[in-house]
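The values are calculated or read from the model by the stated rules, or taken from the named source; none is laboratory data. In this text the structure is predicted, and so the values were computed from the model without any measurement. Note: ideal-geometry Cβ built from the backbone for every residue, glycine included; neighbour counts use all protein chains shown. Quick note on the areas: whole protein, heavy atoms, side chains included, nothing else; ligands and nucleic acids left out. Shrake-Rupley method; radii C 1.70, N 1.55, O 1.52, S 1.80 Å.
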Amino acid sequence: MEAEVQQAWVRDRTYELVKKVRSSGEKFYFLDGPPFPSSDTPHIGTSWNKVIKDTVIRYKRSRGYNVRDQPGYDCHGLPIELAIEQKFGVKSKKEIESFGLERFIVECRRFAETNAAAMTAAFQNLGIWMDWNQAYMTHLDYYIECDWWGLKQAWSKGLFEHGQRVVHWCPRCETVLSDYEVVLEYKMLRDPSIYVKFPVVDKPNEYILIWTTTPWTLPSNVGVMVNPDFQYARVRSDGETYIFAKERMETVANETGHSFELLEAFPGSKLEGLRYRGPLENLVPAQLNLQSGHRVVLSKEYVTLTEGTGCVHSAPGHGEEDYEVGIRNNLPLLMLVDDQGKFLPEAGKYAGKSVRDANPEIIDDLKSLGALLHAGEIEHRSPVCWRCKTPLIIRATKQWLIHIAQLKDLFIKEVDSTLWIPTWAGANQFKNWLQGLKDWVISRQRFWGTPLPVWSCTSCKRDKIIGSKQELLDNALSKADLPTLHRPWVDAVKLRCDCGGEMIRVQDVIDVWFESGGASLACLGHPANAKETKFWWPADFIVEGRDQITAWFFGLLRHGIVTMGRCPYKTVLMHGFALDAQGREMHKSLGNFVSANEVVQKFGRDAFRYYVLQTTLWEDLQFTWDAVRQHQGDLSTIWNTFVFASTYMSLDRFAPAKLSLKRLGKSLRPEDRWLLSRTNRTIKEVTSLMDAYKIHEALRTLKTFLVEDLSHTYIRYVRRRTWVEKRTRDKQVAYATLYSALKSALIMLTPITPFLTESIYQHMFRNAEAKNPETVHLLEWPECDSKWVSDSLEEEMKGAQNVISTVAVVRMGKGLKQRQPVPQVLVISESKALRNALKTYAGLLRDQTNTRRLKPISKDSLSQFTDSNRFAKTDFSEGTVLIDLKLSKSELAEGLARDAVRRMQQMRKEMDLKVDSFVHAYVVAPSKKEASLLKMKSSYIAGEIRAKQLKITTGETKVLQPYYTKRWQIDGMNFEFGLCETSKLNRKTTA
Ligand SMILES: [Zn+2]
Ligand SMILES: [Zn+2]
C-alpha cells in the first residue's frame, strides 16, 4: 500500500503541487540541521529526526503556510579526511601531501557526495517531503563564499584576529580541536602520579613539593601556584624540609609512605615570590634561560585541596589555567612540543621524543637527580580525539580566533528571546553552557574544509581578509584557475599588498562549526541573494537532538551574533537520542545497530513514523521491536475503523454533501452529539499541541480519539443502527456524524502517517464530495466548532460506559449471554452526573445492556429486590447495578433468535457473500418449543441475515443442495442452518 502511494506521489508530482498551492501563504522558514554524510544507512535516530521535521512541515503546510524546506548536508571535516586516509593507507599529514592534495580533495568530495546521495534516497524512501533537488551542501562554492563573508564581517567589527591560545591538540591529526569536540570522547588512561621536589633557592635541603600526572610538562615548568588563603606547612622528613598545604599532610604521608614532622604553619600568601630551581634545568636548556620564572605565584581560583599538595606545578604552555595565571603574573611561556606531539630541540635530552613516551625517562631522570619523592600510578578519565582516539595534549599555539567572550550578555539576551521547547533546555542547559563562553578558535590545520580567507604579506606581514570569490579574482596577481574554492587551488592564488609585497594564503581551513553555524544564511545564498535573505531570515524553526545544544544550536547563535547581531532562529525544539533496549547508543561495532530501513521493511513506513513520534520528544527513545509491533496494532485498528465506516456508507450510498449536521440537528441521538463533542474537542487540542510542537501529545490525543472514542465506543454503539435494511434517517444521521469525525481525524493524522491517510483518502473519501482536492494534503485543516463541545455530555458518557461494562461483568458471572435480553436493569447511585447520564443516554443504555427497561431506584427501595435468585447485584464505582433474571417467553425468543442470527451471519462470511446479497435460509430446530420461539422472531431474523425466504422446521435434518449447511449447538441443543445465495437459486431455476 505504501509503495503504491509513494509511486502515485512521484507520478502525480504531489509534493510539488502541495508546495505550489501553499506558496502564497505566510512564510515559515524551517532550517534543517545538516547531518554529516558519514554513512549510507541512516541510523534510527537520524531518521527519527527527519520524521519529526517532515511532520512539522506537513502540518504547517496543511495550515496554509509557505514552508521553506531545504535539507542540508555537513560535507567538510576531519572524519571524511580520516576515511580517505584509511581507504588509501595514508598515515599522516606529510603522507597526504605526497599522496597529492588535489587527488585527496577530489576523493573527500566524492565520499561526501556519494554518501549524501545514499542518505537522500533513504530519507525519500521514508516519505520525507523536502526539497531534495536543492539540498544545501557546505562544500559548494556559494556556501564557502558565505563563510568568507561571515569572517569578513567579524574582521570589520574587530572581532577576528590571530592570537595566542592554549588549545586541545590531537598529535595524530596535527590540529586543534574545538571545546565541543574535546568533550565528545573520554577514555580511562593509566598515567604516572608523581611527587616532585623543587629545590628552594639558597635553602639547602628545602623543597617545594608538587604533584603531577603529566611528567612530560615538567620541562616546560615556569612556576608554582599556591592559594593565598590556605594554611601551608614547613615539615621535616628524613633530614629534608618540604613546603606544601598543611591540610594535605596526612594524605601525602599515606600516599608517599613518608612521615612528616610539622615545623611551622603560615598562610599561602607568605610564599609569594619564593624562588626555586627547575629540577630538570641541567637536561633541558630552555629551563636555564628563563627570565623571571621559577617562582611561586598566587591563585585563589585554581588551587584546591581536593588532590595533590596545594602547590601546583605551572606550565602556561600546556594548561589553560596555568596560562591565565601566568599572564597575570608575568611568568614566561615555554612550549616545547611540536605539531606531532614531539619535543622540540630546545627540550634538550628529550628532543624528538613523543611526549607520553618520554614520561618514564623523565621519571628516571628525576629519580637519579634526587628530585623524586614518590612515583605511583593513577587511572583517570582523559579526553581523546573523537576521530582517531589518540590522547589529546594541551599546548599554546597561535590560532585565528573570533572574540566572543566579551559578548556573553548579548548571547544570554538572545537565548531569552528565543522559544525553547522544552523550556529547561534553553533556560538551564544552554545558559549554563554559555557561562563558560570562550573566544572561538576557528583555524584548523587540515585540508578538507572551507579555506581560511586570510592572505598574509611576506614583506610587511599585514593580513587581508577576502569576502568573496569575485574579490579574490579582482585582487589576484595573475589570472587564477579555480575549479573550486578548495585547497590546493586556492593556495596558489597570490595577492598584491599595498606595500608592494606579495601576499600568500594562510594555509589553515576553518572550524566546520563555523560553517554549519552559518547555515541559516548560506543556504539562502547570502549575501549574493539579498532578496531571499530579506524575505526568509531569520529561521522560524529548528529541531535537533539534545547533543546539539552545545553544538549546532550554539554554533548558529555564535555565527548569528557575530555576523548579524542576533540569534538566527526563533523557535528551537530539542529531541532525545535513539538508544537500544538497554539504553546504550546503537553502533555497528556494538552489534546493536538497527537502521530505519530494517524497521520499514518489517513494519512499514507509517509504523516507523508512528512509533518514533509517540515517544516523548525530548526523552530518549529505547528501541524495541516489540514496541514497534504494538504500535503497528493501533494503525490496524485505525485502518479497520475507516474500512468499516466506508463499507457501510458506500453500501447505503451515503452522500455527505447532502447531509449537513446543522440540518440534522434535531435527529441527532445523544451519542451522536457526544461524538461531535469529542471530535471538536480533539480538533482544538491537537491543533494547539501541534502549534506548540508537542507532536507526541498530539499523536496520543488523536489515538485516544480514533481507537477509544471511535473504534471501541461509537462504532460499537452504532453497529445495529447501520445494519438495518432501510435507508432510515437515523442511519443517515449516524453516517453524517461518523463522516465528520473521520474526516477531521484523517486530516489531523496526515502529518504523522501520510501514507495510511493518503490511501484511505483516495479509496474512501476522494469521490465522496465533488470539491475534494487531489490529495489528502490539500484538505483544509479542521476548525473546532465550539458549539458542539459539551462537558456534560462527555462526563455523562463516562458514567454510561461504566454502567454498560458493569452489566456486562454481571452477565458474565451469571453465564447470561449478551444476546439474551433481560426484563430490567436497575441502578442505584448517589451521583447526580450518573443519574443524568441514565436520562441522557437512556436509549443507548437499554440497547447496550440489552434490556427492556433501565431505571434508577433509590437506596431505600433496595429492600424490595432481595430475592437473590431473581436479582443479580453488583457494586461499581458510582453505585450499584441490579439485573432482573426472570425471563419471559418473548425474551427467551429474542435471545434464541439473536443466537441463530449470529451463527448465520458467521456462515454468510464463510460463504464469502457480499454484504448486500440476499439469501434463502432454513433452520431445523431440535423441538417444537425452539421452533415456535424462533418463529416469533422470524421477521427479525430474516432482516438481519438478509433472507428473502426463511423456513423454520423440526424433525429429521435433511441436507438440501445447493445450500451451505452447518450444525450448531446452542445451549446444548442441536440446530441445523442452511443458507443459499438467492441469485444462484434464481439462475438454477431459469436454467
Ligand atoms: Zn586525532
Ligand atoms: Zn605588505
Any of K53/K413; K91/K389; K398/K479; K270/K438 with alpha carbons more than 21 Å apart? Name them for me. K53/K413; K398/K479; K270/K438
Please give the FRET efficiency for N289 paired with T484, using the beta carbon to beta carbon distance and R0 = 45 Å, rounded to the nearest 0.05. 0.45
Would you mind calculating the gained length between D912 and K570 on full extension (0.36 nm times residue separation, minus the Cα-Cα distance), in nm to one decimal? 117.3 nm
Given labels modelled 7 Å from the Cα in the Cβ direction, how far is it in nm from A528 to Q445? 3.4
Dipole of the chain (Lys/Arg Cβ +1, Asp/Glu Cβ -1, origin at the Cα centre): which of Y276, P79, M503 lies farthest to the positive side? P79
Under 1.5 on a/c is rounded, so check that first for the stretch 1-46, then, if it is not, pick prolate when a/b is larger than b/c and oblate when it is not; a ≥ b ≥ c are the square roots of the alpha carbon gyration tensor eigenvalues. oblate
Over the stretch 595-642, give the accessible area per residue in Å² for a 1.4 Å probe, as an integer. 39
Heavy-atom accessible area per residue - the stretch 786-907, 1.4 Å, Å²: 48
Over the chain, what is the relative contact order in whole percent, taking alpha-carbon pairs under 8 Å and six or more residues apart? 11
If you average the alpha carbon positions of the stretch 238-268 and of the stretch 761-776, how far apart do those two centres end up, in angstrom? 87
For the residue pair E769 and W723, what label-to-label distance in nm results when each label sits 7 Å from Cα along the Cα-to-beta-carbon direction? 3.1
Dipole of the chain, positive direction: furthest Cα of A233, M564, A492, with charges on the beta-carbon: M564
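Which loop GluC sites (Glu not before Pro) in the stretch 10-82, with loop taken from DSSP, have no more than 12 other Cβ atoms within 10 angstrom of their Cβ?
Answer in residue order: E26.
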Which of I394, I52 is most accessible, then next, and so on - probe 1.4 Å: I394, I52
Please give the FRET efficiency for S861 paired with N836, using the beta carbon to beta carbon distance and R0 = 22 Å, rounded to the nearest 0.05. 0.65
Rounded percent of accessible protein surface that carbon and sulfur make up, the stretch 58-143, 1.4 Å probe: 49
Where the only charges are on Cβ atoms (+1 Lys, Arg; -1 Asp, Glu), what is the dipole of the stretch 521-565 about its Cα centre, to the nearest 20 debye? 140
Relative to a virtual label point 7 Å from the Cα of S636 in the Cα→beta-carbon direction, which members of the stretch 718-753 show backbone nitrogen distances below 13 Å? none
So which chymotrypsin sites (Phe, Trp or Tyr not before Pro) in the stretch 444-551 are both in a DSSP loop and have at most 10 other Cβ atoms within 10 Å of their Cβ? none
Net lengthening on full extension, K817/I378 (0.36 nm per residue, minus Cα-Cα): 150.5 nm
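Calculate for the chain the 222 nm mean residue ellipticity that helices alone would give, adding -39,500 (n - 2.57) per DSSP H run of length 4 or more and normalising by residue count, nearest 500 deg cm²/dmol.
-12000 deg cm²/dmol
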So what's the gap between the Cα centers of the stretch 296-367 and the stretch 797-837, to the nearest angstrom? 83
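Which value, in debye to the nearest 20, describes the size of the charge dipole of the stretch 454-563 about its Cα centre when Lys and Arg Cβ atoms bear +1, Asp and Glu Cβ atoms bear -1, and nothing else is charged?
So the magnitude is around 300 debye.
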Within the stretch 816-859, what whole-number % of the accessible surface is contributed by carbon and sulfur, with the 1.4 Å probe and all protein chains included in the calculation? 50
Once you put a point 7 Å from the Cα of T704 and another 7 Å from the Cα of E321, both along the Cβ direction, what distance in nm separates them? 5.2
I'd like the trypsin sites (Lys or Arg not before Pro) in the stretch 652-736 restricted to DSSP loop residues with at most 16 other Cβ atoms within 10 Å, sorted by number. R653, K726, R727
Would you give the gap between the C-alpha center of the stretch 504-577 and the C-alpha center of the stretch 387-431, rounded to a whole Å? 14
Quantify, in whole percent, the carbon and sulfur part of the accessible surface of the stretch 385-500 (1.4 Å probe; protein heavy atoms only). 50
Toward the positive end of the charge dipole of the chain, about the Cα centre and with charges on Cβ (Lys, Arg +1; Asp, Glu -1), which of I542, F514, M973 goes farthest? M973
Under the definition of Cα pairs under 8 Å and six or more residues apart, what whole-number percent is the relative contact order of the stretch 192-339? 32
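Looking at the chain, what % of its DSSP beta bridges pair antiparallel, to the nearest 5?
Bridges in the chain that DSSP calls antiparallel: roughly 70 percent.
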Rounded to the nearest 20 Debye, what is the dipole magnitude of the chain about its Cα centre when Lys and Arg each give +1 and Asp and Glu each give -1 at the C-beta? 6700
Considering only protein heavy atoms, what per residue accessible area in square angstrom results for the stretch 392-535 with a 1.4 angstrom probe? 42
Determine, from the Cβ-Cβ distance of V643 and A8 and an R0 of 22 Å, the FRET efficiency 1/(1 + (r/R0)^6), rounded to the nearest 0.05. 0.65
